[in-house]
Every structure is written in C-alpha cells, then in structure tokens.
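Below is one structure, written out as structure tokens, with a few remarks after it.
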Amino acid sequence: MNPLKVALAEDRLQIGLWQALANPYTAEICAGTGYDWLLFDGEHAPNTAQTLLAQLQAVAPYPVEAVARPPIGDPVIIKQYLDIGFRSLLIPMVESGEQARHLVNATRFPPHGIRGVASSTSRASGFGANATYLQTAHEHICLILQIESQAGLDAIEDIAAVEGVDALFVGPGDLAAALGHPGNIAHPDVQAAIADALSRIKKAGKPSGIFATSPENATEMAGAGARFISVGTDIGLLSNGAKQLRKRVSGPD
C-alpha cells in the first residue's frame, strides 16, 4: 500500500521537500534525509518523463514517497507518470468537481476510468511481473488536487466530495496572485483565504496540504489542520546554504 495515502487517511502529518533541480544525484541526497515525501515538479522545473524516471530510480531504495506534479492535469501526461512508477500525484490548478472527476478517471483503468493499458511494458507493473496490476493499481494511487485560484476556492466542497480524491493542497503563490497580491503571500487577504480553505477542506472530510513559507509557518499550518506540508525546496537549500557559507568566510582585504 502507498504509505502516503495511508498516512493521510489516518490524519498523520507528512512533511515533504520540493525537488526542482531535476537531477537524480540531488534527489538521492534528499531521499536519505528523513522526509516523508519528495515532490518532483514537472510544472515549474525542467523535467521530462526521462528525467523523472531517473529520479524515481535514484530514490527507490529509500523510505520516502515520490510525488509528481505534472505541468497540467492531462490524461496523457498522467498516464505516462503512472506508467514510469509514480503512485502519488499532485495536480495543479483544479477548479471544479467535474475536473476532479475527470482526473480521478485518468488514474483508473477501464471500466472504472480512462487510463490507457500498457501493463506489460510499464515500470509500474514490474514490466508485467505484477499479474494483478490492472485490477489493483488504483488502490495504491494517492491523488492530491491543488487549489490555487478563486474558482478553486469556490469549488472546495465539490472537489472534496469526489470519490478517489485523497487530499486537497493549497498553493499559496498562485493563490496570492489570483487574489491580486502577486508575490505577497503574507497579505491579510491571502492569509484569510488560506485559513478559510484549510477549515473548509477539513469540514469536507478531506486532508489538506500546503507549501509552508518557513519552519515556523509549517508548525502553524499543522496546527490549522494541514497534514501534507512542504517545508522547502532543493534549490532553496542549495542557494541559501551557499550564501550563508560565503558570508561566514572573510577574504583578504
């Protein structure tokens, strides 16, 4: 069973780290650092199916769940991501219950959905070694849908009510822009919208997630009910670490 799917269903906090460097070497380093999940970004990072596959293979020996975010909720892309071995997906910019149902269908084989069948040639099935893959694959898929627009906020209850949706994730960056405050997540209007979204998602009976802006904010968001929380990015760790190291070294005058 997918440990992330189980943990979210059991209301257990899951802490993750964004992967945007698109590199298996750095992904493997991050996989061994104790996070519950790593997010491999296909929306805002230079990833392809091939680079994602290499990163999946790099983190496979570690007890961390690999989550993929496709650039868009397209059934063809979703099919490719599932075939190479992702079990957990974060789909951006979801704005209606109808869209949510379409995305659930894209993760299911017929007769329960529209996912194309290629089990004997897919890494996810062990290249055909898993004889029950077609019947059981959906049981292990964790589908998380991203709320990051006014339309998404308005449709939270409809989206959460769709069977097969495991959690809803609030994207503060896009949400801030959508509410007229680009780059200003701390704006009171944005913070109020986030708090309201987390509360409504919880009342709708689904786990919620968010991209925290700091460790302190992660603790605050966990207190507000979020259970799928990102606390940083590989790019941020590298950039900030390099800057801090340089500041600590004094060169000759």
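The values are calculated or read from the model by the stated rules, or taken from the named source; none is laboratory data. Source: prediction; values computed, not measured. As a convention, Cβ positions derive from the backbone with ideal geometry for all residues, glycine included, and neighbour counts pool all protein chains shown.
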Only listed residue being within 23 Å of Ser214 (Cβ to Cβ), out of contact with any His (no Cβ under 8 Å at 6 or more places or on another chain) and not in a loop (DSSP other than H, G, I, E, B), chosen from Thr26, Thr33
Thr26
Take Ser149 and tell me if it is crowded, with 16+ Cβ neighbours inside 10 Å, hydroxyl-bearing (Ser, Thr, Tyr), out of contact with any strand residue (DSSP E or B) (no Cβ under 8 Å at 6 or more places or on another chain) and modelled with pLDDT of 95 or more.
yes
Which members of the stretch 16-36 meet the condition of being in contact with a Phe, Trp or Tyr (Cβ under 8 Å, 6 or more places away or on another chain) and closer than 17 Å to Gly171 by Cβ?
Gly16, Leu17, Trp18, Gln19
From the set of residues in the stretch 45-61 that are surrounded by 17 or more Cβ atoms within 10 Å (Cβ to Cβ) and polar (S, T, N, Q), which is nearest to Ser88 (Cα to Cα)?
Gln55
Tabulated pairs, the stretch 219-233, first at positive phi, second of a type in the set (D, E, K, R) and part of a helix (DSSP H, G or I), C-beta under 8 angstrom, 6+ apart or interchain:
Gly225/Lys202
If you check Leu198 against the conditions, is it modelled with pLDDT of 95 or more and closer than 14 Å to Ser96 by Cα?
no
Which of the residues that make up the stretch 197-218 are in a helix (DSSP H, G or I) and either touching a residue at least 24 places away in the same chain (Cβ under 8 Å) or among the aromatic types (Phe, Trp, Tyr) (or both)?
Ala197, Leu198, Ser199, Arg200, Ile201, Ala218
For the stretch 36-51, which positions are over 26 Å from Leu13 (Cβ atoms) and out of contact with any Asp or Glu (no Cβ under 8 Å at 6 or more places or on another chain)?
Pro46, Thr48, Ala49, Gln50, Thr51
Enumeration of residues in the stretch 115-170 that are of a type in the set (Phe, Trp, Tyr) and either at negative phi or outside any loop (DSSP other than H, G, I, E, B) (or both):
Tyr133, Phe169
Subset of the stretch 1-22, residues out of contact with any helix residue (DSSP H, G or I) (no Cβ under 8 Å at 6 or more places or on another chain) and crowded, with 22+ Cβ neighbours inside 10 Å, comes to Leu4, Leu8, Gly16
Among Leu237, Leu175, Leu245, which is outside any strand (DSSP E or B), of a type in the set (A, V, I, L, M) and buried (at least 22 other Cβ atoms within 10 Å of the Cβ)?
Leu175
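Tally up the residues in the stretch 85-101 that are farther than 19 Å from Glu163 by Cα and surrounded by fewer than 19 Cβ atoms within 10 Å (Cβ to Cβ), please.
Result for the stretch 85-101: 1.
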